[in-house]
Amino acid sequence: MKGEIMANLIECVPNFSEGRREDVVKSIVAEIQKVEDVVLLDKEMDPDHNRSVITFAGPPGPVKEAAFAATKRASELIDLNKHTGEHPRMGATDVIPLVPISGITVHDCVGHAEQLGKRIAEELKIPVYLYEEAARREDRRDLAVIRAGQFEGLRDAIETESSRKPDFGEAKIHPTAGATAVGVRMPLIAYNVNLGTTRLPIAKSIAKAVRFRGGGLRFVKALGFEVKERNCVQVSMNLTNYEKTPIFRTFDMVRREAERYGVPVTGSEIVGLVPIEALIDCAEYYLKLENFGAHQILETKLSQLERKGIEEYVDEVASGTPTPGGGSVAALSGVFGVALIGMVCRGTIGKRKFHEYGEELKGVLEKVDRLQKEFLNLVKEDSQAFQEVLVAYKSGDDDKKENSLKRAALVPLEVAEKAVEGMGLAKVVAEIGNPNAITDVGCGVLQLVAAVKGAIYNVRVNLLSLKDEGFKKEKSLRIEEARATMEALSLEIEHIVESRVEG
């Protein structure tokens with residue numbers, strides 16, 4: 001993907017109601033692998049749950065195509081009327097979660113989830129429900145609510161109960177493939193803890209105590225299952241936010257609950273993939289490591305040798321082609337600006353000396369990480385917008401020219417306003433962040449100032465050729481507001497940084 005700092009990548013983790021017939025799962029996987037630009041990351045088959053979890057990633061378009069092809073193949077090979085297994089299910093393709101990985105936001109993923117769900121319903125005649133971040137109704141954020149009654153219960157309820165009507169498709173279940181839930185979520189960890197007993201009621205009691213709906217941990221969903229091939233029972237969990245409810249906390253709670261029944265924990269397992277930060281958290285907790293991070297992982301350092309996107313991007317800027325140009329580089333300045341602010345946040349959070357600011361800085365960090373992804377997206381969007389201007393001018397169509405110029409003005413305007421937002425967050429970090437990294441805050445702010453100023457140049461040049469005076473006036477007011485706020489914040493932050501550098 002030459003010329004891009006980081007591709008727009010989505011991870012897709014569909015769950016299929018088949019974990020015993022390997023030929024069926026292989027056939028579904030083959031459909032995914034046929035799609036160009038999609039990378040198969042993992043495949044897990046569980047015969048007890050009679051369920052498979054397949055993980056793949058790629059740009060949004062190919063990922064949606066692969067997810068649709070896999071759903072179509074599953075609908076041809078899996079008949080839920082003949083399916084039995086420990087895991088709840090309502091569809092041959094039971095769930096299709098989309099996970100933003102890089103260069104793309106949760107909001108973007110929601111749009112892709114809706115497009116995928118609509119296509120599945122229209123072309124395959126499988127009713128589709130939207131869940132988690134894609135949910136159109138608050139009660140449908142929880143997948144368990146949508147899947148209540150499973151395939152057999154939903155078969156009648158979908159036609160008779162208005163609350164069970166799907167988001168896409170007819171209120172009629174597919175006779176063999178059931179219904180499918182398409183959603184958007186952050187990275188989820190499928191984590192199971194095995195118990196040294198065959199008594200299923202104990203596993204179910206522990207699962208109830210651990211899961212949020214039972215009064216347990218906020219970001220844990222849990223069920224108790226029998227694992228016949230291991231002659232034991234299991235607490236099977238989904239950790240929906242490993243940063244706020246880490247693996248080690250979940251494991252400890254299951255172990256403590258098991259001790260109440262005199263039952264040992266015999267082992268645990270991660271199904272599918274896991275973010276490295278989640279394992280680092282466990283290492284820090286159990287080994288009592290101090291200031292440990294991903295930068296100390298050997299494989300992290302080695303992987304950096306393969307990341308040459310920045311060099312390619314610089315070559316592209318210098319190549320003499322119209323894009324990427326100043327607007328794209330302004331957005332990149334925003335990326336580096338907020339990245340530095342995020343670095344200082346991470347270097348402050350968790351330090352005993354700054355304990356009182358921990359929660360406030362976590363809130364700042366969440367916003368900074370969001371801005372970083374949005375800026376990355378804008379690096380690409382600015383180039384795309386200018387290419388549309390070139391195409392419009394070649395067409396000679398005045399309306400196309402006007403519309404393309406408006407978009408070419410709106411993208412850098414968004415860069416400027418997001419950079420100002422980043423400066424507001426930088427001011428907070430300058431005031432309470434680790435003083436040992438105060439100059440990094442200063443450098444980050446300089447990058448954000450460059451982002452604002454560079455973006456404003458690009459807004460102004462595109463406004464010049466527009467005929468819509470109302471649009472020009474409104475956008476001119478916004479850039480002047482951004483400039484004024486930027487100048488005020490720049491002076492304030494410079495004063496804070498200078499004073500803390502001097503001690």
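Dipole magnitude for the stretch 9-184: about 320 debye, using +1 per Lys or Arg Cβ and -1 per Asp or Glu Cβ, origin at the Cα centre.
For the chain, a crude dipole built from +1 on the beta carbon of Lys and Arg and -1 on the beta carbon of Asp and Glu, taken about the Cα centre, is about 1160 debye to the nearest 20. Normalised by the number of residues in the chain, the mean separation of alpha-carbon contacts (under 8 Å, six or more apart) gives a relative contact order of 11 percent. A straight chain from Glu498 to Arg478 at 0.36 nm per residue would run longer than the Cα-Cα distance by 4.2 nm. Placing unit charges on each Cβ (+1 for Lys and Arg, -1 for Asp and Glu) gives the chain a dipole about its Cα centre, and among Cys232, Pro166, Met45 the Cα reaching farthest toward its positive end belongs to Cys232.
Measuring between alpha carbons in the structure, the pairs from Lys118/Lys373; Lys208/Lys244; Lys72/Lys172 lying more than 23 angstrom apart are Lys118/Lys373. Within the straight-line cut-off of under 13 Å between alpha carbons, the aspartates and glutamates reachable from Lys467 are Asp398, Asp399, Glu402, sequence neighbours fewer than 8 places apart in one chain being disregarded. In this rough spin-label picture, where each label sits 7 Å from Cα along the Cβ direction, the Lys165-Glu269 distance is 4.3 nm. Take the Cβ atoms of Asp252 and Arg352, set R0 to 25 Å, and the FRET efficiency comes out at 0.70. If R0 is taken as 22 Å, the Cβ-Cβ distance between Leu289 and Asp369 corresponds to a FRET efficiency of 0.45.
For the stretch 189-287, the alpha-carbon coordinates run over 34, 28, 24 Å along the three principal axes, in decreasing order. Using R0 = 60 Å, the C-beta based FRET efficiency linking Asp42 and Val461 works out to 0.80.
Kirkwood radius for the stretch 70-214, taken over all pairs of different Cα atoms as the inverse mean of 1/r, rounds to 16.3 Å. Expressed in Å, the radius of gyration and Dmax of the Cα atoms of the chain are 25.6, 80. Among the GluC sites (Glu not before Pro) found in the stretch 10-65, those both in a DSSP coil and sparsely packed, with 15 or fewer other Cβ atoms within 10 Å of their Cβ, are Glu36. For the stretch 9-184, the relative contact order comes to 26 percent (Cα pairs under 8 Å, sequence separation of at least 6). Within the stretch 40-110, the ratio Rg/Rh, alpha carbon atoms throughout and Rh by Kirkwood, equals 1.01. Placing dummy labels 7 Å off each Cα toward the beta-carbon, the span from Gln115 to Thr439 is 4.6 nm. Structure note, pairs Lys165/Lys367; Lys165/Lys204; Lys288/Lys353; Lys453/Lys475: Cα-Cα distances above 24 angstrom occur for Lys165/Lys367; Lys165/Lys204.
Normalised radius of gyration (Cα atoms, divided by 2.2 N^0.38 Å) for the stretch 321-502: 1.14. Model label sites at Asp398 and Asp79, defined 7 Å from Cα along the beta-carbon direction, differ in position by 6.5 nm.
Values quoted throughout were computed directly from the atomic coordinates according to the rules given, and no laboratory measurement underlies them. Quantities reported herein were computed from a predicted structural model and do not represent experimental measurements. As a convention, Cβ positions derive from the backbone with ideal geometry for all residues, glycine included, and neighbour counts pool all protein chains shown.
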